[in-house]
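Student: This structure is in structure tokens; I'll ask about it shortly.
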Amino acid sequence: MKKAAGLLRSLMRTSIKAARHGVAVNKLMTAMLTPAPASAPKRKARAKPKASSTTPSVKPAPSTAKPAARRSAPAPATTNTAPGKWLTSHVESANGHRMSFWLYLPQNIPEEAVAQGLPLIVMLHGCHQTATQFAQGTRMNQWAERKSYAVLYPQQLVSNQAQRCWKWYDRATQDGGGDVSTIVAMIDKVAGAYAIDRSRVYVAGISAGAGMANILALNHPQLFAAVGLHSGPVFGAGHSTMGALGVMQHGAALRADLAVREVLARHARFPGMPTILIAGEGDSVVRPINQMQLARQGLAINGLAHDAPAKITHKAQGSNARHNAHRIDDFYDGRKLLLRVARIDALDHAWSGGDPALKFNAKAGPDATRMMLEFFARHRRT
């Protein structure tokens, strides 16, 4: 009997393990749908890096606002190896908590930027990431130094979502509520304290951050000149945690077109939103159906026909697999590039050409950061 009982317990443990393995959802997907604890304990304040001796030459904007980041610091080498200024501050979120953000200001400022202000990129991290990890993984600060951009990195609160996922699937957020106003307040705070060119403000993100970036752009089209979405879910669907999982795997079906019509109905004179979409053909977390539907939404948002012709470019795999083969579809209105869709072979749910020392970054190119900057440079809000 003892042997039989032991065998039964062993079989039960084996069955449970097998069942768990069979129904397990990708960790990132599960994390995105994990609600925040009802009353998250207060976290100990993290020590801030010491003040940087490098001061940007850009002139501050005339404003009585307090500096956006009173505590300045050169980030550790593992986070930011660019020579500019690395700052941190916070704003009050909609629920009264402090939401932190980081700001990179380049050291080398061209004369044009001194006169007109720096262009600003808002970068939104994905689940299981922090703002500083996203900065390191994308190498955006190094590129921003070369191209003379300021970069703003909001960081989702653990008290809002346990794994720091932006709630792109929440209906109220999609309509402009939730964290949308908090991130806009960060932009206003930075632009009020530093010389920022308000005609060249861009927003980008990966995964849940891409979903949130799209929501920001569609709800504040006059604020942003262009948007960059890497491995992002289609806009306007989900509306629950289980619904979000369905969108990530299967897209939004008819809801994709309806959501765009709702946006255009809310903004009678929607000015269009130049968009670059980057995704991997091997992404099993946010499947390629999402990029296909985002492309259709991008055509509609920019007033292009659903069957508009594309200029197609094929790029072969680079030597030693340094670059994955990829296809780029460009959609123009006259000579103006309004929508770029990059489909990258062999790339899973990771930032293309990123720092492989961190999760959700793929070493092989093409370099998504460079692609986004090159696209953004074509656009300004008039």
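Student: Quick one: compute the contact order of the stretch 95-182, relative version, from alpha carbon pairs under 8 angstrom and 6+ residues apart, as a percent.
Tutor: On the way: 111 pairs, mean separation 32.0, N = 88.
Worked out over the stretch 95-182, it gives 36 percent.
Student: Could you check the spin-label model distance between SER284 and GLU111? Points 7 Å from the Cα along Cα→Cβ, value in nm.
Tutor: 5.6
Student: Determine ³J(HN,Hα), in whole Hz, for all residues of the stretch 228-245 in sequence, where each value follows from phi through the Karplus function 6.51 cos²θ - 1.76 cosθ + 1.60 and θ = phi - 60°; x replaces Gly and Pro.
Tutor: Per residue, the Karplus-derived 3J(HN,Hα) values read x, 10, 10, 6, x, x, 5, 7, x, 10, x, 6, 6, 5, 5, x, 4, 4 Hz.
Student: Name the long-range amide H neighbours of ALA325: under 5 Å, sequence gap of 5 or more, or other chain; modelled H, no Pro or chain starts.
Tutor: For ALA325, whose amide H was placed from the backbone, the distant partners under 5 Å are GLN317, GLY318, ASP345.
Student: Of the accessible area of the stretch 234-382, with the probe set at 1.4 angstrom, what percent is carbon plus sulfur? Working shown, then result.
Tutor: On the way: 3710 of 7210 Å².
Its accessible area is 51 percent carbon and sulfur atoms.
Student: Just the number please: accessible area per residue for the stretch 141-271, 1.4 Å probe, all protein chains included, in Å².
Tutor: 30
Student: Further question on the same structure: Karplus couplings for the stretch 98-110 from phi (6.51 cos²θ - 1.76 cosθ + 1.60, θ = phi - 60°), rounded to Hz, Gly and Pro as x?
Tutor: 8, 9, 7, 9, 10, 9, 10, 10, x, 6, 8, 10, x
Student: Over 5 Å intervals from 0, what percent of Cα-Cα pairs in the stretch 97-211 sits in each interval?
Tutor: Answer for the stretch 97-211: a P(r) of 2, 12, 22, 24, 18, 12, 6, 3, 1 percent.
Student: What Kirkwood hydrodynamic radius do you get for the stretch 324-373 when you take the inverse of the mean 1/r over all pairs of distinct Cα atoms, in Å?
Tutor: 11.8
Student: For the stretch 234-306, give the magnitude of the charge dipole about the Cα centre (Cβ charges: +1 Lys/Arg, -1 Asp/Glu; no others), in debye to the nearest 20.
Tutor: 240
Student: Residues with amide H under 5 Å of ILE121's amide H, sequence separation 5 or more or different chain, H placed in the peptide plane at 1.01 Å from N; which?
Tutor: When sequence neighbours closer than 5 places are left aside, the close amide H contacts are ALA150, VAL151, LEU152, TYR202.
Student: In addition: Magnitude of the Cβ-charge dipole of the stretch 156-264, K/R +1 and D/E -1, about the Cα centre, nearest 20 debye?
Tutor: For this selection, approximately 100 debye.
Student: Another question, then. Hey, if you put +1 on the Cβ of every Lys and Arg and -1 on every Asp and Glu Cβ in the stretch 83-219, which of TYR149, GLY178, GLN129 ends up farthest toward the positive end of that dipole?
Tutor: GLN129
Student: Please state the relative contact order of the stretch 114-264 as a whole percent: Cα pairs under 8 Å, 6+ residues apart? Kindly include the intermediate steps, with their values, before the conclusion.
Tutor: Details: 266 pairs, mean separation 38.2, N = 151.
Value for the stretch 114-264: 25 percent.
Student: Mind ranking 87-96, 196-205, 337-346 by how tightly packed they are, going by the mean number of other C-beta atoms within 10 angstrom, highest first? Show your work: numbers first, answer last.
Tutor: On the way: 87-96: 16.8, 196-205: 23.8, 337-346: 21.7.
Ranked by mean Cβ neighbours within 10 Å, highest first: 196-205, 337-346, 87-96.
Student: How far is the Cα center of the stretch 84-131 from the Cα center of the stretch 317-362, in Å?
Tutor: Using only Cα atoms, the two centres lie 25 Å from each other.
Student: Efficiency by 1/(1 + (r/R0)^6): what FRET value for ASP188 and ARG380, r their Cβ-Cβ distance, R0 = 22 Å, to the nearest 0.05?
Tutor: The computed FRET efficiency comes out at 0.75.
Student: Please state the shape class of the stretch 170-284: rounded when a/c is under 1.5, otherwise prolate if a/b exceeds b/c and oblate if not, all from the C-alpha gyration tensor.
Tutor: Taking the square roots of the gyration eigenvalues as a ≥ b ≥ c, the stretch 170-284 is prolate.
Student: Let me ask something else. For the pair LEU264 and SER199, how long in nm is the line joining their label points, each one 7 Å along Cα→Cβ?
Tutor: For the pair LEU264/SER199, the computed spacing is 2.7 nm.
The values are calculated or read from the model by the stated rules, or taken from the named source; none is laboratory data. Since the structure is predicted, the reported quantities are computational estimates derived from the model, not experimental observations. Reconstructed Cβ throughout: ideal geometry from the backbone, glycine too, with neighbour counts over all protein chains shown. Note: accessible area is taken over every heavy atom of the protein model, side chains too, but ligands, DNA and RNA are not part of it. Shrake-Rupley method; radii C 1.70, N 1.55, O 1.52, S 1.80 Å.
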